[in-house]
1. Given the criteria buried (at least 24 other Cβ atoms within 10 Å of the Cβ), more than 14 Å from every other protein chain (Cβ to nearest Cβ), within 21 Å of the chain's Cα centre (by Cα) and at pLDDT 95 or above, does A:Leu255 qualify?
2. What number goes with the only condition from (1) at pLDDT 95 or above; (2) within 30 Å of A:Val397 (Cα to Cα) that A:Ile296 does not pass?
3. In the stretch B:120-209, which strands (runs of 3 or more DSSP E) lie fully inside it and hold 1 or more residues that are within 14 Å of another protein chain (Cβ to nearest Cβ), surrounded by fewer than 20 Cβ atoms within 10 Å (Cβ to Cβ) and modelled with pLDDT of 95 or more?
4. Can you tell me which residues in the stretch A:232-252 are among the charged types (D, E, K, R) and more than 9 Å from every other protein chain (Cβ to nearest Cβ)?
5. Residue by residue through the stretch A:1-55, note down the ones that are small (Gly, Ala, Ser) and touching a residue at least 12 places away in the same chain (Cβ under 8 Å).
6. Just to check your reading of the model, which residue among A:Arg48, A:Arg43, A:Arg11, A:Arg6 is in contact with a Leu (Cβ under 9 Å, 6 or more places away or on another chain) and basic (Lys, Arg)?
7. If we keep just the residues of the stretch A:210-220 that are in contact (Cβ under 8 Å) with a residue 60 or more places away in the chain and surrounded by 18 or more Cβ atoms within 10 Å (Cβ to Cβ), which is farthest from A:Ile115 (Cα to Cα)?
Protein chains: 2
Amino acid sequence: MDGYRRFVSKRTSLFRASEIRELLKLTEGRDVISLAGGLPDPRVFDPRLADIAKEIIEKERDHALQYSPTAGVTEFRQTLKDFADSKGIKVTADDEVVVTAGSQEALFLAARVLIDPGDKVIVEEPTYLAAVNVFREHGATFEAIPIDSEGMQTDVLEERLRRMSKDEKKPKLIYLVPTSQNPSGSTMSQERRKHLIELAEEYDLLIIEDDPYSFFTFEPIQVDYLKTLDKSGRVLYMSTFSKILSPGLRVGWVLGPRDLVSYLELSKQTIDLHTSTLSQYIIMEAIKKGIVDATIERARALYKIKRDSMMDALEEYMMDLADWTRPVGGFFTMVYVNGEIDMKALMYEAIEKYGVAYVPGESFFPVSKKKNTMRLNFSYPSPDQIVEGVRRVALLVREKLGK
Amino acid sequence: MDGYRRFVSKRTSLFRASEIRELLKLTEGRDVISLAGGLPDPRVFDPRLADIAKEIIEKERDHALQYSPTAGVTEFRQTLKDFADSKGIKVTADDEVVVTAGSQEALFLAARVLIDPGDKVIVEEPTYLAAVNVFREHGATFEAIPIDSEGMQTDVLEERLRRMSKDEKKPKLIYLVPTSQNPSGSTMSQERRKHLIELAEEYDLLIIEDDPYSFFTFEPIQVDYLKTLDKSGRVLYMSTFSKILSPGLRVGWVLGPRDLVSYLELSKQTIDLHTSTLSQYIIMEAIKKGIVDATIERARALYKIKRDSMMDALEEYMMDLADWTRPVGGFFTMVYVNGEIDMKALMYEAIEKYGVAYVPGESFFPVSKKKNTMRLNFSYPSPDQIVEGVRRVALLVREKLGK
């Protein structure tokens, strides 16, 4: 792309071509089992969406195919508030919704509205890679708080906040995926959630609660949403229909204090004017007809089986080689290999020689860059592929560790 | 929104809430004729899209509802190249397409990739307001070149470029809507197009050819696309399906040199990951089945009648009050009132007392801020509303000028 270097902006130096994406292109059209992706299993997609799309265009053509408000179709925004409410997410009279092009755009809008170059963002470690990239592109630096099976370690957070409060540049934002975390699958305990909210109050912080997965946990969880625990408008809640209906419709949403969310709306106006009107109408109808809830139940059942296949395979093949998280929801488990190993450096060999792909975990640790880690996906491959994929990964790791 | 001021980024000060949008809210649910909007007439929307949507989800569910590549569905990108080719837009082996969320996102991506704060962008005057806002948000300043019935006055451009070439900060980008311009409706002559391309070569400039309207001109035009005249990869061509199929699907596209377009793709990755997959599949099918071409013919016929209604009404009521452009395509005419008048200041009165709304022209002139202008839309209102709307505008203007 060098021919145009004299024309492009300085910020393009912050754009990252994903090396992983490039490596994964090697898997195309070959007999490689991919545990690398993050796609939903298409079997959860509801065939009734075909009729809904047809009916919506027939009945609402003048509106469903027309421009719509930047914040989202008015009726759909109300539907989303009701949907949130039905799931136990607190919606106050001061709250408003902005409909976005997937949660990626929700993250982009939040970063654009909140981050100045040099701002410090507190994240979990490991954390969601795409969020890190968005914040980094806006000039953020990171303060990483480790997570364990109960989510972000808020005692570490508290200590870190106390130390940072003496700095000139205080953090103003905590980003986390508190339920069925990506990449680890862990869920934050109720106690820590309360502690987090207290700390946000004490240190005057905003919280982004990124929540793509809470609707289909494999076991019941007894925790409140951060949005629900929030008392003073500090939580920006975001979710998406990518995992509970269809990613191809490209619809996410942000719920939060109207005064804050208005900035996101304003920013969206120059980015893409509005989200696909047709997608919004289709989802509105799918919610009304119970299709979203039916999809959630299908997702829960199907992904639970696959999660179990992956846990079984890991026990079978990697017991002596690694530790891993036991996800209560979501699409992924995080594997920590016992020993000195660089899973990123091994990726080419994994694909070429062992016929398996994973995502090296390093990039999910924006500060500590743990090289001995990988993220494995269980939502897309079949149970057989999961077992065989894990077996191949184990062979690779075993050979490299000389065990 | 002041409660969150301590949290928001400095760049939010560049976000503009549109005063016009606020004023136009006054028209809601009232007997006001709006010549202010920019909506397509829903009668051009093709009812067959209902069946297409259903069939696509039935046949291609696993793909049409799934995540898709950031640059766009691979097959759809080829369809777009063929579509471009069929319309006389030159596509070279070095060219690539990025599918965007409407042309708004195409503009945003271009600004993000090309504009550093302080960069000078050359625009037509008047020019497309939303483009000005995007560039301004990225810190651009403007050099405005006047247009007449033959488009941008390239002799003025040449003189200006010569003068600017002595400055330290040379412009690197020209933005224009060369065919059926928004807001004026004028179309650049072939001679000036060639001159523009020569100047771009001489002064090493990129050109953004924004082209939402060229497919349905009311009279045949004998000009080449700038993209077609380009010899050295300087033209970034952008268009949209908003005016020739449906804005609600939210699909635009950029065609240009692969090396340049790759930056836009990279930027899109963190903004919204990809454009609605379902929308892309629907449009792909609509192109194949001739529905886009049928819509284009419907648009041409319908908007020509409305353009004529507006021209007739302007002649009938405003002959002695103003000059205006005679659009060969597009949705708008630009009216220049003869005399000292501030159309923006009169907007409230227009709505409240005269029951008519328009868009004050001032913002379309980023440098000269001409206050005696307004943009009138003829695509959405009915011919009767157009005539009555123009009559009301004329009454207001006549009263204010004391004629």
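The values are calculated or read from the model by the stated rules, or taken from the named source; none is laboratory data. Remember, predicted model here, so these are calculated numbers, not experimental data. Cβ: placed from backbone, ideal geometry, glycine included. Neighbour counts: every protein chain shown.
1. yes
2. Status for A:Ile296: all satisfied but (2).
3. Numbers: elements: B:120-125, B:141-148, B:173-176.
Of the strands (runs of 3 or more DSSP E) lying wholly inside the stretch B:120-209, those with at least 1 residues that are within 14 Å of another protein chain (Cβ to nearest Cβ), surrounded by fewer than 20 Cβ atoms within 10 Å (Cβ to Cβ) and modelled with pLDDT of 95 or more span B:120-125.
4. Kept after step one, since they are among the charged types (D, E, K, R), are these residues of the stretch A:232-252: A:234, A:243, A:250.
Those that are among the charged types (D, E, K, R) and more than 9 Å from every other protein chain (Cβ to nearest Cβ): A:Arg234, A:Lys243.
5. A:Ser34, A:Ala36, A:Gly37, A:Gly38, A:Ala53
6. Working: A:Arg48 fails: in contact with a Leu (Cβ under 9 Å, 6 or more places away or on another chain); A:Arg11 fails: in contact with a Leu (Cβ under 9 Å, 6 or more places away or on another chain); A:Arg6 fails: in contact with a Leu (Cβ under 9 Å, 6 or more places away or on another chain).
Only one candidate passes the filter, namely A:Arg43.
7. Keep residues of the stretch A:210-220 that are in contact (Cβ under 8 Å) with a residue 60 or more places away in the chain, which gives A:210, A:212-219.
In the following step, the residues that additionally are surrounded by 18 or more Cβ atoms within 10 Å (Cβ to Cβ) were identified as A:210, A:212-218.
Details: A:Asp210: 17, A:Pro212: 22, A:Tyr213: 25, A:Ser214: 27, A:Phe215: 29, A:Phe216: 31, A:Thr217: 32, A:Phe218: 35 Å.
Result: A:Phe218.
Residues are listed down the side, and each one gets a yes or a no for (1) assigned by TED's automatic domain parsing to the domain that holds A:Tyr213; (2) surrounded by 23 or more Cβ atoms within 10 Å (Cβ to Cβ); (3) part of a strand (DSSP E or B):
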| residue | (1), (2), (3) |
| --- | --- |
| A:Ile341 | no, no, no |
| A:Ala345 | no, no, no |
| A:Ala350 | no, yes, no |
| A:Glu362 | no, no, no |
| A:Met374 | no, yes, yes |
| A:Gln385 | no, no, no |
| A:Leu396 | no, no, no |
